[in-house]
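A short worksheet on the structure shown next.
Laboratory data are not the source of any read-out in this text; all were calculated from the coordinates shown. Predicted model, so just to flag it, every value in this text is computed and none were measured. Virtual Cβ from ideal backbone geometry, glycine too; neighbours counted across all protein chains shown.
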Amino acid sequence: MYEGVVQDLIDELGRLPGVGPKSAQRIAFHVLQAEPADVRRLAQALTEVKQKVRFCAVCGNVAEEERCRVCADPRRDASVICVVEEPKDVVAIERTREFRGQYHVLGGAISPIEGVGPDDLRIRELMARLADGSVNELILATDPNLEGEATATYLARLVSAMGLKVTRLASGLPVGGDLEYADEVTLGRAFEGRRTLDV
């Protein structure tokens, strides 16, 4: 336990996701030992991100304008929407350079244990985007965990009467992984998602 502002800083850092008490303490002492100019830049970046960044009016991704750069890009295929849980998932998919459609960020996943239901997510906004019939395929790219699977199943049932092609990202073995270390669920999904090799 430290005194005054040092403990306040540790407490605030400890409230960040994924930052435990030890990490919060390490970060706090790093800040204390850093050059004043570095600390000012960090403080300015934190202040600016809260002032300038908002959520895209169309998809829910982070943006500095009303629409994010993906939604504002006329070259993107508006007939395909990839549904993800968080803005960080958009970044992960964009890094692959494989997807040229648009996104819809739900803002989380259905989790009854944490008190998150369908009404807490951006599902109404998704249904509004699908209402005009211009979307042909809905890719469900929620996390491959219990909450992500529940969310994907809920969405698939919700849009089943709309005549959309609904797909789910394949999941299975990572490149460079060993079969002996794969759990049963991952290995089972790898078998389900197997594909023909073109020789």
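Taking Cα pairs under 8 Å and at least six residues apart, what relative contact order does the chain come out at, in percent?
Working: 214 pairs, mean separation 25.0, N = 199.
Relative CO of the chain lands at 13 percent.
Based solely on its DSSP helices, what 222 nm [θ] is calculated for the chain when runs of n ≥ 4 H residues each add -39,500 (n - 2.57) and the sum is averaged over all residues, nearest 500 deg cm²/dmol? Don't jump to the answer; show the numbers that get you there.
Working: 7 runs with 82 residues, N = 199.
Result for the chain, helices only: -12500 deg cm²/dmol.
For residue 167, nonlocal amide neighbours, meaning residues 5 or more places apart or on other chains whose placed amide H falls under 5 Å from its own, are 138, 139, 140.
In terms of the mean number of neighbouring beta-carbon atoms within 10 Å, the peptides 143-156, 1-14, 68-81 order highest first as 143-156, 68-81, 1-14. Reported to the nearest whole Å, the Cα centre-to-centre distance from the range 18-74 to the range 75-151 is 23.
Could you quote the convex hull projected area for the range 62-168, Cα atoms only and averaged over all directions, in nm²?
Working: hull surface 27.6 nm².
Convex hull of Cα atoms, orientation-averaged projection: 6.9 nm².
Relative contact order for the range 86-199: what is it in percent, counting Cα pairs under 8 Å that are at least 6 residues apart? Provide the component values of the computation, followed by the final result.
Values: 83 pairs, mean separation 20.3, N = 114.
Relative contact order for the range 86-199 comes out at 18 percent.
Taken about its Cα centre, the range 4-52 carries a charge dipole of roughly 160 debye when the Cβ of each Lys and Arg holds +1 and the Cβ of each Asp and Glu holds -1.
A Cβ-based charge dipole, computed about the Cα centre of the range 62-168 with Lys and Arg at +1 and Asp and Glu at -1, lands at about 460 debye.
Relative to the longest principal axis of the Cα atoms of the chain, helix 36-52 runs at roughly 40 degrees. Taking Cα atoms only, the orientation of helix 146-159 departs from the longest principal axis of the chain by about 40 degrees. Apply the Debye scattering formula to the range 4-52, with a single equal point scatterer on each alpha-carbon and no solvent, then give log10 I(q)/I(0) at q = 0.32 Å⁻¹. Log10 of I(q)/I(0), two decimals: -1.10. Orientation-averaged projection of the range 51-112 equals 4.9 nm² [convex hull of Cα atoms, one quarter of hull surface area]. Here the dipole of the chain is about 640 debye; that uses its Cα centre as origin and unit charges on the Cβ of Lys and Arg (positive) and Asp and Glu (negative).
Running a GNM on the chain with Cα contacts under 10 Å, which residue among 173, 32, 42 ends up with the highest mean-square fluctuation? Fluctuation is largest for 32. Between the helical axis of 21-33 and the dominant principal axis of the chain, each derived from Cα atoms, what acute angle in degrees is found, rounded to the nearest 10? Computed tilt is about 50 degrees. Rounded to the nearest whole Hz, the Karplus-based 3J(HN,Hα) values (6.51 cos²θ - 1.76 cosθ + 1.60, θ = phi - 60°) of the range 160-175 follow the sequence 4, 7, 8, x, 7, 7, 10, 10, 10, 4, 5, 9, x, 7, x, 5, with x at glycine and proline.
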